[in-house]
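These notes are about the structure you will find just below.
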């Protein structure tokens, strides 16, 4: 029944900890109450038994004091017995003794009883006499007078001060103990719940600390109860990884399969363009080529994204020279930059400073940034790559001029597929900056846009040692 | 205030119908038709009067009636309770007070600080002792040229050795009539077997029995008796101060110490006043004024050094000698011994 | 310039070949590595365009093998994949540059020029016309000992004229050679560049003559 009750107390809106605490506290209170009443009951029983034994002892001493005189029976009531009976607790004393069916001595109006016990086993009653509750021991005892058997009916009763005074003491002490027990058990409950829920808390913290792209398996040093959860988490992660892999493969394959025909279309269109004579033909072909370029950019960015997602999960750290890498990337873009008469300048305050990180992702990020700069920089301007290593921080800055002011917020620039206001004539997918941000964050770096409002655009990428 | 006793004589007559034998009746306090506190006591009025007067001074609105009677009459009065209307019952018969309380004739006393009085002086918040009394032997100085008996044994041998001297010269309580006397004798029996030997000897010398301590003291003072056995100590000491013939002896073998106690009878209509009076009775000034009259304060500790003091315990043991059979047996034996 | 195109996508290879021929350059095609090895053994090429994914093998093997044989022909790798998830850098294997498909011809051309320039470091390649000397490697022009630096587009423009003096080039032809097809080029952009060039060569005996309605040609004064 208690378990049903506990199951009902499964308030849906409470946390596990609160539920646990509530249930345990309720159980504690129930136990406390039960204990209280149980102990009280036991002590009451003990008290009654003690009193009963006293009464029995008194009966014994009374029996000893019967004597016959002149064929008559008489009783020399024992003073000490009566004195003792009341000594402990100032209880009132009543008695009645009948000899056969005749009243011998005592209180005539003493209440009747149904049955009498005997000296070895008196029968006890709870009666009321003179407005007092009394505990009565009743026996009948045979006594031989002149060879004839006679019966003595003896009832002796005592008020219950004996019980109640000690009872109230016990109750007070008991209440105190139970209260302490409750307080202690509540403390223990709180402690125990915290400790038992710790694995969950640890697991939760562990999962919270993860970066969004973290797809490493969850460590399985958890208690048995959490093992299924961790197992399913991990299988989910594996599935997701698998999905990612599949997607990545799919995307790569798709990209490849898109690119090849795209390349063909582009080159054919270019040939046609170069051969075309009329202005309108040239325009049409130019438009076709622009569309191809746009498609190509999107495909590239999508592929990059997939690659980054996958790669961030399993970084391949390498020790390489930042300056060497930057120089290489500049060389890669030089022809494209030259077409727009854009010059690269570099300011490195280190000839060759090494960094340990995923080289591929690093270069992808920088590549995207340089590509971005070239796209948006007006012709005959300068793109500056600045690198410095200071206070254990690698900082790469890329500065270029832009045609128009950008009247947008920084956060908007990071949004996927965001195209700036000055990007009308520029082919791009808008994935660039958000991708760079993801990569840099994944490599534990910081990506900031320092200037973007005036006609200058400056970004900063920081890596901490 | 004493004038009102004339009016009260009329009450006496009506009380007679009640079968209470009133010894004295006095009223104190403001003039009223009916008392605010009706006290029934076995203690002499001269002993209590100063206390009552002091009380009435501080409690100007309470009119007190102080009625004295014998201890057994007091018991009878309270147990025929339908007509009685007393608010406080004072008696030196501890056993009778105990029986009253045990049998449900007493009300709970309120406002008594347990720490203010010894634990043996209160029973169940229904009986409270306010003064202690040693039970002594008084001897006529003039007639005792022999060694003064320090123990009962001594007394027995003196009596046995000088039968002629002490023939008809011993006086004690008639325990058939006096509740107090019965108490003393029964407690004597409890304490030692020498009691019956003493009783025998006393009987053989035709001991005189009377109702009360005062009469016994008068007898010794007038040299009518040479030995008064089982006398209330305070009375003896008071008298002995003035009457130089009286020597008070605290027997060495044991000296009984009794408790003068008070109960509030269940029919009382002035419970509150009774409680106030009791509180005063037990207070320092109350106790002091009793001591002035020769009584011992309940808190007195010196008395316990006077001899082998045996305090009669205020417990249900006291009921035993009041048991029909026991009492009958005791009395018959005592009578047999004393009246040979 | 003799070019070898190693590409398995036939259409792409053909259009590349067409492009090169439009610029007056010879290009051979090999659709697989086996043929490529063969070609390389027989002929000397000025530049090789190499695809990575070939039906009979990885282009990188070809690259490595060639370099092992001490063949130093400039190679530009054409790759469809943007990221190089292969551990070894293409350049470390011996390629001179790489370009990602799909690409613009003009970019390919620029890379070829750059690669060739680097390769021919020893002798400064000079173009001369009249009393003007053009140094593409340093992007300078020298008139009677007086040197001026050139911007990239200016250089490119002069290269076209110096390579084919007294030949008329239409605006379109010039545009196609200097700007990317996707760039929006306004009518007077060319004129702006022509004006700049004219300023730079005004002290020489060379002029850039406007042929109204037809185009421009580089010619000597008088």
| message | Can you give me the angle between helix A:279-313 and the longest principal axis of chain A, using Cα atoms only, in degrees from 0 to 90, rounded to the nearest 10? | response | 30 degrees
| task | Quote to one decimal, in nm, the extra length available between residue A:320 and residue A:224 on full extension: 0.36 nm per residue of separation minus the C-alpha distance between them. | result | 30.1 nm
| message | Taking 60 Å as R0, compute the FRET efficiency from the Cβ-Cβ separation of residue A:120 and residue A:192 and round it to 0.05. | response | 0.70
| request: Using only C-alpha atoms and all pairs of different ones, pull out the Kirkwood radius for segment C:2-119 in Å with one decimal. | output: 14.2 Å
| What is the helix-to-structure angle for C:105-119, meaning the angle in degrees between its Cα long axis and the longest Cα principal axis of chain C, kept from 0 to 90 and rounded to the nearest 10? | 90 degrees
| field | Förster radius 25 Å - calculated FRET efficiency between residue C:173 and residue A:280, Cβ distance, rounded to 0.05 | value | 0.90
| How large is Rg over Rh for the protein assembly as shown, taking Rg from the Cα atoms and Rh as the Kirkwood inverse mean of 1/r across Cα pairs? | 1.55
| query | Ranked by Cβ crowding within 10 angstrom, fewest neighbours first, how are A:141, C:44 ordered? | reply | C:44, A:141
| task | Set the Förster distance to 60 Å, then compute FRET efficiency between residue A:328 and residue A:184 from the Cβ-Cβ distance, nearest 0.05. | result | 0.30
| request: At a temperature of 25 °C and a viscosity of 0.890 mPa s, determine how fast chain B diffuses translationally according to Stokes-Einstein, using the Kirkwood radius over alpha-carbon pairs as Rh; express D in µm²/s, rounded to the nearest whole number. | output: 119 µm²/s
| Across peptide C:96-106, what mean number of C-beta atoms from other chains lies inside 10 Å of a residue's C-beta? | 6
| field | Length-normalised contact order of chain C in % [C-alpha pairs under 8 Å, at least 6 apart] | value | 13 percent
| request: Hey, could you grab the Kirkwood Rh for segment A:222-370? Inverse mean 1/r over distinct alpha carbon pairs, Å, one decimal. | output: 19.4 Å
| request: Can you pull the one-decimal nm distance between simple spin-label points at residue B:304 and residue C:202, each 7 Å off the Cα toward Cβ? | output: 13.9 nm
| field | Residues A:398, C:5, sorted so that the one with the fewest Cβ neighbours within 10 Å comes first | value | A:398, C:5
| query | Considering only DSSP beta bridges with both partners in the protein assembly as shown, what is the antiparallel share in %, to the nearest 5? | reply | 75 percent
| message | Per DSSP helix of 4 or more residues, -39500 (n - 2.57); summed, then divided by the residues of chain A. What does that give at 222 nm, rounded to the nearest 500? | response | -19000 deg cm²/dmol
| query | What order, most packed first, do the peptides B:288-295, B:106-113, B:254-261, A:314-321 have when packing is the mean number of other Cβ atoms within 10 Å of each residue? | reply | B:254-261, B:288-295, B:106-113, A:314-321
| With each label point set 7 Å from Cα along the Cα-Cβ vector, what nm distance links residue B:222 and residue A:76? | 4.0 nm
| note | Here the relative contact order (percent) of chain A, from C-alpha pairs under 8 Å and at least 6 apart, is 9 percent
| What does the convex hull of the Cα atoms of chain A come to per residue, in Å³, rounded to a whole number? | 274 Å³
| note | With Cα coordinates, the longest principal axis of chain C makes an angle with the long axis of helix C:187-200, in degrees rounded to 10, of 70 degrees
| note | Dimensionless Rg/Rh of segment C:18-61, both radii on Cα and Rh by Kirkwood, sits at 0.99
| message | I want to check the label-to-label distance for residue C:68 and residue A:33. Put each point 7 Å from Cα in the C-beta direction and report it in nm to one decimal. | response | 8.9 nm
| request: Place a label point 7 angstrom from the Cα of residue C:10 along the Cα-to-Cβ direction, then list the residues of segment C:25-47 whose backbone nitrogen is under 17 Å away. | output: C:29-33, C:35
| Using Cα pairs under 8 angstrom and six or more residues apart, how large is the relative contact order of segment A:1-208, in percent? | 22 percent
| field | Taking B:297, B:332, A:61 and counting other C-beta atoms within 10 Å, the order from fewest to most | value | B:332, A:61, B:297
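Any read-out appearing in this document is the output of simple, stated calculations on the displayed coordinates, not a laboratory observation. This is a predicted model, so every value here is computed, not measured. Neighbour counts run over all protein chains shown; Cβ positions are idealised from the backbone, glycine included.
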